[in-house]
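Step one of this worksheet: look at the structure below.
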There are 2 protein chains.
Amino acid sequence: MIPTMLTHGQYETVYNFLSLVIASQLFTAIFLLISLPRILPRYRQAITVAIIVCGIAAYHYFRIFDSFKGAFVTKSVGGTGTYSQAAGEAFNEGYRYVDWLLTVPLLLVELVAVLALARSIQRRLLVRLVPAAALMIALGYPGEISGDNGLRGLFGLLSTIPFAYILFVLFTQLSKSLKTQPAGVRGTLGRLRFLLLLSWGVYPVAYLLPLLNIEGADAWVGKQVGYSIADIVAKAVYALIIFSVAKIKSYDDDPTFREIEGSHDDVAVPAERSRSAA
Amino acid sequence: MIPTMLTHGQYETVYNFLSLVIASQLFTAIFLLISLPRILPRYRQAITVAIIVCGIAAYHYFRIFDSFKGAFVTKSVGGTGTYSQAAGEAFNEGYRYVDWLLTVPLLLVELVAVLALARSIQRRLLVRLVPAAALMIALGYPGEISGDNGLRGLFGLLSTIPFAYILFVLFTQLSKSLKTQPAGVRGTLGRLRFLLLLSWGVYPVAYLLPLLNIEGADAWVGKQVGYSIADIVAKAVYALIIFSVAKIKSYDDDPTFREIEGSHDDVAVPAERSRSAA
C-alpha cells in the first residue's frame, strides 16, 4: 500500500534514489553510445540493446519521479514538515511493470548477443528466454495491483515458474555456450549470471513484503529504495560488465584493433593484460 | 541550516552561480564530445569518462536549480522584496551527495585512464582509489543531514580517513607511474593532483562551517557559491586539463596524427612545442 503521509526524511530518500536511478541509467546509456565505436562491429548489437535498455529505464524513472513529486505535496515550512498524498495525485506504480515488460526480455538478448554465437544457437536460446521473461513480468502484475494477499501470492507463485525456467536455461544450456568463449571472459560471463540472479532476486522479495504484513511508510520507502538499487545493478552495472566483455573479446579477436585502442603497455605485454583480465 | 529568508541580492547570487555551474558543465561536456576524434583512441576512455562526469554534474545542477526555485518564492513586486522559504517546498541538499557519489570516483578513473598504464597497474590504482572515494562521500552524508554538531564532526572526521588515503595513493603510488609519462605532460599531471587537492579541500571547509557557528543566510549563500566554484574547478577545469594532456600525448605518440591535427608551427618546431608544454 502507498502511504498517505511521508516525513521529510522519507520523502527526500525516495526523491534522491529515484533521481539517482535517472542519472545512472541516462549516463550509462550516453557512455555506451559514445563508446560504441571502441568495440568491434560484431559486438555492437549487444551494446546497442544495452543502450536501449538503460534509455527505456531512464525514461520510465523520469515518469516515476514526476508521479512521485505530483503525489506527495507539502504546505509546510523549510524542510521540517511532512508530505501528504491527500492533496496530490495518486502515485502510479504501474510504470515499473511497463518498464520491466520491455527491458527484462532485452537484458537476456544483451547477454546472448555479446556471446556472438552461431545464429541457430542464438535463436534457440532467445526463443526460450524472451517469452519466459515477458510471461514472468505479465504474471506478476495482477498480483501487484490486487489488494488481496491470496491473489498476490497466487500470481507471485505463477510468475516464479518462468523465472525458474530462465535460471534453468542460463545455468544449463548457456553453460555449454560459455565453453566456446575466450578464457579471459569466461569467468566474467559466468559471474554475470549470478549478478542477474542476485539483482532479480530483489524484486520477488519486495513483491512479497505485503504478505509478511510488513507495511507502513518505512516499508514502502524501503521497497522504493530496493527497487531503485536493483534496477541500477540489473541494468546499468550489468550493461557496463557486458561492455567490458565486448571490449576484451574485441581485443582478443583483432590484435590490430587492440594496438589502436589499447594503451602502449597493453600492446607491449599482451600476456600481462590477458592474465589480469581473467 | 537552510535559511528561511533571503534578500533579493542573496537570492540572485545563488541563482546565478547555480546557473553558471550548469552552463560550465554542460558545455564542457559538449566541447569534449565534439573533440573526442581529435585525440588517439587509446585516450578516449579518459575523455569519455570526463564527458560523463560533466554531464552528471549538469543533470544534478538542473535539479538543484529547480529545487532552489521551488523552495524560495516571493510575493513582492519588481525585484526589491525578499524571498521566503515559507511558501515553497524544502530545498533538497541531498542532490550534491548523489552527484558526488557518482562523479568523485569517476574523477579518479579519468586521471588514471589518461595515463594509459598497463591494465594490471591501472587496476591496482583503481581498486584503491574508487572505493575510497565512494566511502569518503558516503561517510560525509550522515553528518551533513544531521542537525547535531557532534555527529557532524564525527562523520566529518571519519570521512577524512579515506580522503587522506586517496591523497597518499595519489602522491606516492601514482608518482611512480608519472615517471613513465612523456616529459611534456609530467609537470601538468603532477600539478593536476594539486588542483584536485585544492578544489576538493573546499568541500570539508564548507562542511565544517556550522561547527564554527558560522550560520545565517550569508554563510549559507557563501557555502552555495563555494560548492559551485569547487564543482566547476574539480570537474570542468579538471576535464579540460585532462583533455590537453590527452592531446599532447596523442601528438607525442603519433607524428602523422600531429601533422594532421596540429598547427604548422607544431609540426615545424616539435622541440619548441615540447618545451613550452612542459
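The values are calculated or read from the model by the stated rules, or taken from the named source; none is laboratory data. Note that this is a predicted model, so its numbers are computed, not measured. Every residue, glycine among them, receives a Cβ derived from its backbone with ideal geometry; neighbour counts consider all protein chains shown.
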The residue that is farthest from the other protein chains (Cβ to nearest Cβ), considering only those in segment B:35-50 that are touching a residue at least 40 places away in the same chain (Cβ under 8 Å) and of a type in the set (A, V, I, L, M), is B:ILE39
Out of the residues in segment B:1-29 meeting the condition of being crowded, with 21+ Cβ neighbours inside 10 Å and within 14 Å of chain A (Cβ to nearest Cβ), tell me which one is farthest from the chain's Cα centre (by Cα). B:LEU6
Among the numbered criteria (1) more than 11 Å from every other protein chain (Cβ to nearest Cβ); (2) out of contact with any Asp or Glu (no Cβ under 7 Å at 6 or more places or on another chain); (3) crowded, with 17+ Cβ neighbours inside 10 Å; (4) modelled with pLDDT of 90 or more, which one does A:LYS247 miss? (1)
When you scan segment B:98-118, do you find a residue that is free of Cβ contacts under 8 Å to residues at least 24 places away in the same chain, in contact with a Gly (Cβ under 7 Å, 6 or more places away or on another chain) and not in a helix (DSSP H, G or I), even just one? no
Only one residue in A:VAL225, A:VAL205 is touching a Phe, Trp or Tyr at 6+ places or on another chain (Cβ under 7 Å) and surrounded by fewer than 18 Cβ atoms within 10 Å (Cβ to Cβ). Which one? A:VAL225
Looking only at segment B:184-207, which residues are touching a helix residue (DSSP H, G or I) at 6+ places or on another chain (Cβ under 9 Å) and more than 30 Å from B:ILE145 (Cβ to Cβ)? B:GLY184, B:VAL185, B:ARG186, B:GLY187, B:THR188, B:LEU189, B:GLY190, B:ARG191, B:LEU192, B:ARG193
Search result, residues across segment B:30-52 that are buried (at least 20 other Cβ atoms within 10 Å of the Cβ) and of a type in the set (Lys, Arg): B:ARG42, B:ARG44
A:ARG186 of a type in the set (Lys, Arg) and either modelled with pLDDT of 85 or more or closer than 30 Å to A:SER120 by Cβ (or both): yes
Inside segment B:51-68, can you point out the residues that are within 8 Å of chain A (Cβ to nearest Cβ) and more than 15 Å from the chain's Cα centre (by Cα)? B:ARG63
Just one listed residue, out of A:LEU106, A:LEU32, is within 30 Å of A:ALA246 (Cα to Cα), of a type in the set (A, V, I, L, M) and away from every other protein chain (no Cβ under 14 Å), and it is A:LEU106
Just name the residue that is modelled with the highest pLDDT out of those in segment A:69-95 that are under 21 Å from the mean Cα position of the chain (by Cα) and surrounded by 15 or more Cβ atoms within 10 Å (Cβ to Cβ). A:TYR95
Conditions (1) surrounded by 18 or more Cβ atoms within 10 Å (Cβ to Cβ); (2) at pLDDT below 90; number of the one not met by B:ALA271: (1)
For segment A:208-228, how many residues meet the condition of being closer than 19 Å to A:SER146 by Cβ and part of a helix (DSSP H, G or I)? 9
Among the residues listed as A:ARG186, A:ARG124, A:ARG191, the single one being under 24 Å from A:VAL205 (Cβ atoms), out of contact with any Phe, Trp or Tyr (no Cβ under 9 Å at 6 or more places or on another chain), assigned to a helix (DSSP H, G or I) and of a type in the set (Lys, Arg): A:ARG191
Regarding B:GLN181, is this residue part of a loop (DSSP other than H, G, I, E, B), touching a helix residue (DSSP H, G or I) at 6+ places or on another chain (Cβ under 8 Å) and among the polar types (S, T, N, Q)? yes
Considering only segment B:204-220, I want to know if a residue exists there that is within 14 Å of the chain's Cα centre (by Cα) and of a type in the set (Phe, Trp, Tyr). no
Subset of segment B:132-150 that is assigned to a helix (DSSP H, G or I) and without any contact (Cβ under 8 Å) to a residue 24 or more places away in the chain - its residue that is nearest to B:VAL169 (Cα to Cα): B:LEU139
Is segment B:123-143 home to any residue that is among the basic types (Lys, Arg) and more than 14 Å from chain A (Cβ to nearest Cβ)? yes
So, A:GLY187, is that one farther than 21 Å from A:ALA50 by Cα, over 20 Å from the mean Cα position of the chain (by Cα) and touching a residue at least 24 places away in the same chain (Cβ under 8 Å) or not? no
Here is a list: B:ARG124, B:ARG128, B:ARG152. Which entry is closer than 15 Å to B:LEU209 by Cα and of a type in the set (Lys, Arg)? B:ARG152
Of the numbered conditions (1) away from chain A (no Cβ under 12 Å); (2) among the β-branched types (Val, Ile, Thr); (3) without any contact (Cβ under 8 Å) to a residue 40 or more places away in the chain, B:THR82 satisfies every one except a single condition; which is it? (3)
Would you mind finding the one in B:LEU111, B:LEU33, B:LEU117 that is closer than 20 Å to B:LEU197 by Cβ and aliphatic (A, V, I, L, M)? B:LEU111
Under the condition of being hydroxyl-bearing (Ser, Thr, Tyr) and within 21 Å of the chain's Cα centre (by Cα), which residue from segment B:127-173 is surrounded by the fewest Cβ atoms within 10 Å (Cβ to Cβ)? B:THR160
Check on B:GLN10, within 17 Å of B:VAL225 (Cα to Cα) and in contact with a Cys (Cβ under 6 Å, 6 or more places away or on another chain): no
